[in-house]
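The values are calculated or read from the model by the stated rules, or taken from the named source; none is laboratory data. As the structure is a computational prediction, the values presented were derived from the model and not from experiment. Glycine gets a Cβ as well: all are built from the backbone with ideal geometry, and neighbour counts include every protein chain shown. Accessible surface is based on the protein model in full, side chains and every heavy atom, while ligands, DNA and RNA are left aside. Shrake-Rupley method; radii C 1.70, N 1.55, O 1.52, S 1.80 Å.
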Amino acid sequence: MDVEPRSDQTKDLAGRSLDQDPILGPMLMRAMTEMKSVASNPTPLLRPDRPIGVVLAAPVLQEGEAQPVGFVTFSYELAPLMLANDDLSLFSVALKDPANENGELVANDRGVVVSRTADPQAAASAVTRTVAFGGRDWSLTYYAKTNAMMRARQTAAIVAAIGLALTAIVCGLFGYVAYNNLRLSREIQARIGFERRLTAVIDELNHRVKNILAVIQSIITRTLRHGSDIDVARELLIGRIHAMSNVVSLLSESQWQGVKLKGLFEARAIPHADRIAISGPDITVSARAAQSLSLLFFELASHSDEGLSLVGKHPHIVAHWEVNGEEADAIFQFRWEEFNTSAATRRADSDFGVILLDRVAPEALGGTSKRYFTDVSYVYELTAPMETVVDMSERDRTEQFSAPLTSAR
């Protein structure tokens, strides 16, 4: 038998002669004679220490030739065919040895096919089946495995495991359905709560927008009253609306939780902020109080003397506030004082300013106010209860709107 494929590298290599092989030689001779596929007797494959199997040889004919030019061979190991790798099989398979009438080939515990003498008593209770392969008949004998108790225990364990797995699957499905129903119920409840809360937020937003528009309308109406100087009116209108815009921006940043009182004295909110010395606790005032105080501070600052400078080491304008009394009866006291001014030098308060200083701001905070001149200064004082300045009820309501919803789990 030549080495295939034939090439310059292999043509000088010696082939292997199988004519004298006691098993493969007769198989090839028979295949050549009968011109059909022929299977060999069981034999070690390739080398004596290799697994036992059978070789199938098919002659190859060249077109126009009567004799085969070679063979195509296939090798099959017997161990997999005899269920040697199936530990759970209820039967062991034995192949009748064609070369030994009383012999048979079986797979041992290690899965290696070996030859043994057939037991006539065991053969009486076995099942024999004949199959055709490679131009010959093969006899397969099926023996029941001897350890029935072990097989029964293994089978019972398998059935119990399958039953337990099915029970776990069913329980898991019921749990999954119950969990999804509970989650869906929570999501529906959260959705209903969200819609109610959204409606309340929209109502609150409409209320606040209407209030802001009403204040702006009042500002415009009072500022552009009949007979006002257009340049002065324009300057005051822009400043007042700017003060409102600034306080709304501060409230938006805090989610309408109130504004630090010192934040209302920023340079972007009121004129001459750099000449105002502020002092007092940094309390947080409510949204309503912040809007009134922002307009109040702008009105006071916009009418202060612009041409006067500092007097000694004291600033020109001093804004001071303090909180006196216990929590329930605490009183907010605010004092604005412009030094080195008088009724003759200070620009007179406008009609809008007078209404804001004397009526609107005090009423919005539930307090009282007064303004007067001393020998060296102009003073404005505002007194109001802390519960209206801080207004915890408004803050609590806003916190409910701004708090995140708890997601359903």
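Taking 0.36 nm per residue of separation and subtracting the current Cα-Cα distance, fully stretching the chain between Arg371 and Val127 would add 75.7 nm. Take each peptide in 243-253, 275-285, count the other Cβ atoms within 10 Å of every residue, and average; sorted highest first, the result is 243-253, 275-285. Once backbone amide H atoms are built at 1.01 Å from N, Gly258 has Ala287 as its partners under 5 Å, excluding neighbours fewer than 5 places away on the same chain.
Spin-label model, Arg186/Asp274: points 7 Å from Cα along the beta carbon direction are separated by 5.8 nm. For Lys36, the solvent-accessible surface with a 1.4 Å probe is about 90 Å², rounded to the nearest 10. A Förster radius of 41 Å, combined with the Cβ-Cβ distance separating Val114 from Val69, puts the computed FRET efficiency at roughly 0.60. Treating r as the C-beta distance of Glu235 and Cys171 and R0 as 60 Å, the FRET efficiency rounds to 0.15.
When Tyr76, Tyr142, Tyr176 are compared by accessible area at a 1.4 angstrom probe, the order from most to least is Tyr176, Tyr76, Tyr142.
Could you state the accessible area per residue of segment 24-121 in Å², with a 1.4 Å probe and every protein chain left in place? Don't skip to the end; give the middle numbers.
On the way: 6200 Å² over 98 residues.
Using a 1.4 Å probe on heavy atoms only, each residue of segment 24-121 averages 63 Å².
Note on Gln255 and Ala58: their simple-model spin labels are 7.9 nm apart, each label 7 Å out from Cα toward Cβ. 3J(HN,Hα) along segment 246-262, derived from phi through the Karplus expression 6.51 cos²θ - 1.76 cosθ + 1.60 where θ = phi - 60°, amounts to 5, 5, 5, 4, 5, 5, 5, 5, 9, 6, 6, 8, x, 9, 5, 4, 5 Hz, with x in place of Gly and Pro.
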